[in-house]
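The values are calculated or read from the model by the stated rules, or taken from the named source; none is laboratory data. Since we're looking at a predicted model, the values are computed, not measured. Methodologically, a virtual Cβ is constructed for each residue, glycine included, from the backbone with ideal geometry; neighbour enumeration extends over all protein chains shown.
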Amino acid sequence: MDGSPDVIVIGGGIAGASVAYEIAAHRSVLLLEAEPSLAVHSTGRSAATYIPGHGTAVFRALIRASAPRFPALAEELEAPPFLRPLTVVWAAFDEAGERELQHLLAEWAAEPDGPHALAGAEAAGACPGLRDVRCGAITEAAADVDAIGLHGAYVRGLRRRGGRVVRGARARAITRTGGTWRVETAEGAWTAPDVVDAAGSWTDVVAALAGVTPAGLTPYRRTIALSPCTLPPGMPMLIDAAERFYCKPEGEALLLSPGDETPAEPGDARPDELDVALALERVEEALHLGLRSVRTAWAGLRTFAPDRDPLVGARPEHPGFHFFAGQGGSGIESAPALAALGAAVVTGTPVPPDVAVRPEQVSPARL
């Protein structure tokens, strides 16, 4: 294990930790993290919600399959529940928002727990303080996710299965000789038949280091802030159907975002003051809560493939080098099912029957 595990996973966020845990049921696994701590970038900076019907058709299937897997994982990993019920309300404030909401409702129609439509008065009643709303939608099947608790449980579970985690181990060189890959870091060098590139916004950087054609992934900055205010009882998560903002209760404050998607280089993302101001302005216009300032603000990177579906598996010309990336804004809510799918692809075992996504749907070959 010290020098030659079966699988080397690069990246210690929710993607790497979850797929490493699932792979460790079949193979010996080494998890390498470039930073001194795990989950310091996207995983630790997420709004961390589980919303049925969110994302592309592939992600919706993975999110749906993850619903029963969250409580099963909590029991399996001997952890507290990862989900806390959360009502989510979508609101359309103008014609553009109404058109977008109708499009979303058509997509959600096949989702058993997906949102259902609300008239304007119903939407206003579902979200205290909401004004000037044309129409909306609601789901009671959503949840807040304990992202850090989930990530930590995966890491503990990986170690329990004999996996090893090395921090501060940024890949310096990745080479292939014969049927094995060699990964060199400041903390040591290891060889394995299989490497899993789960490096988030750095995924294409790691691929290029290995001489593998990059997948064309794009990181986007997303800004989030906490604003102190007195929240009305029963405050749900509110999402603008036109994607100009979202907000939700967070303790005694309101978590809010302008829903920004600004292309960025891989790195330690920082919030933009204008984006924070836009979030405050848009949420205040919708809810009239007297928001004037923020307690703190941060930003994370959400990384997407060109078609916004996840990327799982190897290119035929680079056997044994597997992508596990492109989770975008759904990495946490889809983690249980996506990790099971990724482990099946890497180990060549059958995809679990409850994960209704075929490997070819997420293969790098599609790009």
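Side notes on the structure shown:
- Test for ALA343: is it within 18 Å of VAL9 (Cβ to Cβ) and more than 11 Å from the chain's Cα centre (by Cα): yes
- Among the residues making up region 132-167, those that are under 25 Å from GLY251 (Cβ atoms), of a type in the set (D, E, K, R) and either in contact (Cβ under 8 Å) with a residue 60 or more places away in the chain or crowded, with 22+ Cβ neighbours inside 10 Å (or both) are ASP144, ASP146.
- Taken as a whole, the condition of being in a helix (DSSP H, G or I), at pLDDT 95 or above and among the basic types (Lys, Arg) does not apply to ARG182.
- PRO232 vs. criteria surrounded by fewer than 22 Cβ atoms within 10 Å (Cβ to Cβ), more than 18 Å from THR43 (Cα to Cα) and not assigned by TED's automatic domain parsing to the domain that holds ALA325: yes
- Checking each residue in region 189-207 for being buried (at least 23 other Cβ atoms within 10 Å of the Cβ), of a type outside the set (A, V, I, L, M) and assigned to a helix (DSSP H, G or I) picks out GLY200, SER201, TRP202, THR203.
Condition check ((1) out of contact with any Leu (no Cβ under 8 Å at 6 or more places or on another chain); (2) of a type in the set (Lys, Arg); (3) not assigned by TED's automatic domain parsing to the domain that holds LEU231) across all residues:
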{"residue": "ALA20", "(1), (2), (3)": "no, no, yes"}
{"residue": "GLY53", "(1), (2), (3)": "no, no, yes"}
{"residue": "THR56", "(1), (2), (3)": "yes, no, yes"}
{"residue": "GLU100", "(1), (2), (3)": "yes, no, no"}
{"residue": "ALA110", "(1), (2), (3)": "yes, no, no"}
{"residue": "ALA124", "(1), (2), (3)": "no, no, no"}
{"residue": "CYS127", "(1), (2), (3)": "no, no, no"}
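- Matching strands (runs of 3 or more DSSP E) fully within region 280-367 where at least 3 residues are more than 22 Å from ARG244 (Cα to Cα): 311-314, 321-325
- Enumeration of residues in region 208-229 that are within 16 Å of PRO310 (Cα to Cα), surrounded by fewer than 22 Cβ atoms within 10 Å (Cβ to Cβ) and out of contact with any Lys or Arg (no Cβ under 6 Å at 6 or more places or on another chain): PRO214, ALA215, GLY216, THR218
- GLY211 vs. criteria in the same structural domain as GLN327 (by TED's automatic domain parsing), at pLDDT 95 or above and not β-branched (Val, Ile, Thr): yes
- Annotation for region 254-277: at least one member residue is buried (at least 19 other Cβ atoms within 10 Å of the Cβ), modelled with pLDDT of 95 or more and in a helix (DSSP H, G or I).
- Residue that is nearest to LEU254 (Cα to Cα), among those in region 212-230 that are in a loop (DSSP other than H, G, I, E, B) and in contact (Cβ under 8 Å) with a residue 40 or more places away in the chain: CYS229
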